[in-house]
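All remarks here apply to the structure that follows.
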Amino acid sequence: MRDMKTILTTGSNGLLGQKLTEKVLAEGRVRLVATSKGINRYPANEGYEYAEMDILNAAQIRAVIEKYQPEAIIHTAAMTNVDTCEANKELCRQLNVDAVRTLLSICEEKNIQLVHLSTDFVFDGADGPYKEEDAVNPVSYYGESKVLAEELLKNSKTNWAILRTILVYGITNDMSRSNIVLWAKGALEKTSPINVVNDQWRMPTLAEDLAEACLLAVEKNARGIYHVSGKDYMSIAALVRKVADYWSLDQSFINEISSISLNQTAKRPVKTGFVLDKAIKDLGYNPHRFEEGLAILDQQMKRQS
Ligand SMILES: NC(=O)c1ccc[n+]([C@@H]2O[C@H](COP(=O)([O-])OP(=O)(O)OC[C@H]3O[C@@H](n4cnc5c(N)ncnc54)[C@H](OP(=O)(O)O)[C@@H]3O)[C@@H](O)[C@H]2O)c1
């Protein structure tokens, strides 16, 4: 117990935040202070501390950190909706860049490791799968905000790690937003026709695998950039067909389209995907295959219902 690090998570009500709480409660490994904006939406409140912490409130951040004195912070909170970021750049910058600057200055002062979550959207998608050292060139404001935050970390004096991830899926309690797997499953079960793009390529990530990578980064005191995603590379249309296959849903409701016809507010990179060798070698990261991830999700949904 004495050797365990105290970690603080931001955005603990989010998908990754809740998976981190779940993992710590199940496995121990660290002492946890979970923080998020507003009340705690995780269904259990024993075995860890919860503190309200709005990442736009510098005084509150300082007070919470001074109270709990974490050795590491896993920063999951962000504006994560890509189209909302494009439509509201000012708030996106405050949440995804300015809040990181605030956290970093306190981490530097108190010698706290900052594990920061970033994205495949830092790349333009012309040339995936990408290695950590490949040149960034975001095509959306969300991607740009994450690049700006990465720059702050790279120039900081504190011990930092950036975990970039891709299209995270999973289920938690009282989710503030859905994800591709839940959306596709839900729509096909209702026999609603869905449009899915067949010209964007990704490596979808099970939320539990990402939470494991975050804890490994803390335990190994990792420094630098790490690519952390699932290991299977597929188009979004192929992903949705795998979801339909797994739950035996009618694929005739899947309408494959090209990105241009979707007309989304923010542009998306075409082919992302990651080379995972560094995280596998240095962190011991070992993600599930996509179908294994669906099986884990299926079990969780059965337990919830
Ligand atoms: N999900 C993906 O596909 C994906 C892909 C690449 C990178 N990432 C990155 O991975 C990280 C975790 O993503 P996620 O999927 O867990 O996102 P998420 O489910 O949207 O969680 C983000 C959390 O941040 C919280 N938050 C928003 N504003 C806040 C504030 N002012 N103060 C404190 N908390 C605030 C949100 O609170 P509410 O719940 O109250 O809104 C939400 O719970 C993010 O940095 C994201 O950019 C995610």
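Here are a few things to note about the model shown:
- Residues of segment 133-160 classified as open to solvent by less than 20 Å² (accessible area, probe 1.4 Å) and either within 11 Å of the ligand (Cβ to nearest atom) or in a loop (DSSP other than H, G, I, E, B) (or both), total: 7
- Test set (1) among the charged types (D, E, K, R); (2) in contact (Cβ under 8 Å) with a residue 40 or more places away in the chain; (3) within 30 Å of VAL270 (Cα to Cα); (4) away from the ligand (no atom under 12 Å from the Cβ) - ASP120 fails condition number: (4)
- Within segment 209-219, the presence of a residue that is outside any loop (DSSP other than H, G, I, E, B), charged (D, E, K, R) and touching a helix residue (DSSP H, G or I) at 6+ places or on another chain (Cβ under 6 Å) is excluded.
- Complete set of residues in segment 167-192 that are crowded, with 22+ Cβ neighbours inside 10 Å and near the ligand (Cβ under 8 Å from one of its atoms): VAL168, TYR169
- Residue match in segment 25-36 (condition: away from the ligand (no atom under 14 Å from the Cβ), modelled with pLDDT of 95 or more and of a type in the set (Ser, Thr, Tyr)): no
- Screening ALA72, ALA59 for residues that are more than 22 Å from ALA207 (Cβ to Cβ), more than 10 Å from the ligand (Cβ to nearest atom), at pLDDT 95 or above and among the aliphatic types (A, V, I, L, M) leaves exactly one candidate, ALA59.
- In segment 94-117, the residues that are within 13 Å of the ligand (Cβ to nearest atom) and either among the charged types (D, E, K, R) or open to solvent by less than 10 Å² (accessible area, probe 1.4 Å) (or both): ASN96, VAL97, ASP98, ALA99, VAL100, LEU103, LEU114, VAL115, HIS116
- Among the residues making up segment 193-213, those that are open to solvent by 20 Å² or more (accessible area, probe 1.4 Å) and more than 14 Å from the chain's Cα centre (by Cα) are PRO193, ASN195, ASN198, ASP199, TRP201.
- Residue tally, condition among the hydroxyl-bearing types (Ser, Thr, Tyr) and closer than 17 Å to ARG177 by Cα, over segment 13-46: 2
The values are calculated or read from the model by the stated rules, or taken from the named source; none is laboratory data. Because the structure is a prediction, the values reported are computed rather than measured. All Cβ positions, glycine included, derive from the backbone under ideal geometry; neighbour counts span all protein chains shown. Keep in mind that these areas ignore ligands, DNA and RNA; they rest on the heavy atoms of the full protein, side chains included. Shrake-Rupley method; radii C 1.70, N 1.55, O 1.52, S 1.80 Å.
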